[in-house]
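First the structure, in the form of structure tokens, and then the observations on it.
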Amino acid sequence: MPFAIWLILIACTLASFDIFERRLLGPLSTLVIVTIAAVKARLVLRHFMEAAQAPGNWRFLYETWIFVAAAIIVIGHYVALMRVT
């Protein structure tokens, strides 16, 4: 199982790198790349830091933290873009 998760993490890394380098999605690139990063963070927390076996309230805290951190980055990015243009 850890090898499969590792392969998924590598695929996500390559996908986000490709999206960034080719600028495939234009203004949506940031949203997609940060979402991929959040998925990667969730996979690492659950499978390599054993958060999946943690009590429910701790799992909720981990999931919420990942969502809030990703949302702040995306919102901050788009707010900054609106001020520039």
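Each 5 Å bin, from zero up to the one with the longest distance, holds this percent of the alpha carbon pairs of segment 2-84: 3, 14, 20, 20, 19, 13, 7, 4, 1. Helix 29-43 versus the longest principal axis of the chain: what angle, 0 to 90°, nearest 10, using Cα atoms? Taking Cα atoms only, the helix is inclined about 10 degrees. The helix-only estimate of mean residue ellipticity at 222 nm for the chain, built from DSSP H runs of length n ≥ 4 each weighted as -39500 (n - 2.57), is -26500 deg cm²/dmol after division by the residue total.
Are there any trypsin sites (Lys or Arg not before Pro) in the chain that are in a DSSP loop and have at most 15 other Cβ atoms within 10 Å? List them by number. Mind showing how you got there, number by number?
Values: sites: Arg22, Arg23, Lys40, Arg42, Arg46, Arg59, Arg83; in loops: Arg23.
Taking the chain and a limit of 15 other Cβ atoms within 10 Å, the loop trypsin sites (Lys or Arg not before Pro) found are Arg23.
Seen against the Cα atoms of the chain and their longest principal axis, helix 56-84 is set at about 10 degrees. Cα centroids of segment 70-85 and segment 5-26: 21 Å apart.
Since every read-out is calculated from the coordinates, none of them should be taken as a lab result. Here the structure is a predicted model, which is why all the values come from computation and not from measurement. FYI the Cβ positions are ideal-geometry reconstructions off the backbone, even for glycines, and counts take in every protein chain you see.
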